[in-house]
Amino acid sequence: MPVHFLFVSDGSMWYPNPKKYPSEKLTRVREQEAKTAVLILRAEIAHMEFLRLKDSMVPHENDNQFQETVEKIVKIIDDLQPKTVFVPWQKDPHRDHQATLGNHV
């Protein structure tokens, strides 16, 4: 059974110098890093999906876009019907990682 990867945020805020690495460039760099990691894991790039939500701005439960984001993710999961879903560690302090967990962990 193939492994699928869903990348929620675009990674565009990880470098502190926006003149050297503007967000569009960082998004491309981060997606290439993700592809490289998937290949190292001997999985297929075709099984990757990027939601490209702005880094550090993934909606939380009280945010306007939260329900829309949840619906997108639920549709992906429903379409794939995975046996297992891995999410960030529940104590990961990153705002985006916490947003993907919601308050239900």
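The values are calculated or read from the model by the stated rules, or taken from the named source; none is laboratory data. Note that the structure is predicted; figures quoted are calculated from it, not measured. FYI the Cβ positions are ideal-geometry reconstructions off the backbone, even for glycines, and counts take in every protein chain you see. Side chains are part of the model used for accessible areas, which takes the heavy atoms of the whole protein and leaves out ligands, DNA and RNA. Shrake-Rupley method; radii C 1.70, N 1.55, O 1.52, S 1.80 Å.
Scanning the range 71-91 for residues that are touching a residue at least 24 places away in the same chain (Cβ under 8 Å) and in a helix (DSSP H, G or I) yields ILE73, ILE76, LEU80. Give the number of residues within the range 51-62 that are within 16 Å of VAL29 (Cβ to Cβ) and surrounded by fewer than 17 Cβ atoms within 10 Å (Cβ to Cβ). Total satisfying the criteria: 2. Selection over the range 9-50 of residues that are modelled with pLDDT of 95 or more, under 11 Å from the mean Cα position of the chain (by Cα), open to solvent by less than 60 Å² (accessible area, probe 1.4 Å) and closer than 18 Å to ILE77 by Cβ gives a count of 2.
Among the residues of the range 70-93, write down those that are at pLDDT below 90 and open to solvent by 70 Å² or more (accessible area, probe 1.4 Å).
Of all residues in the range 70-93, those at pLDDT below 90 come to 87-93.
Result: VAL87, TRP89, GLN90, LYS91, PRO93.
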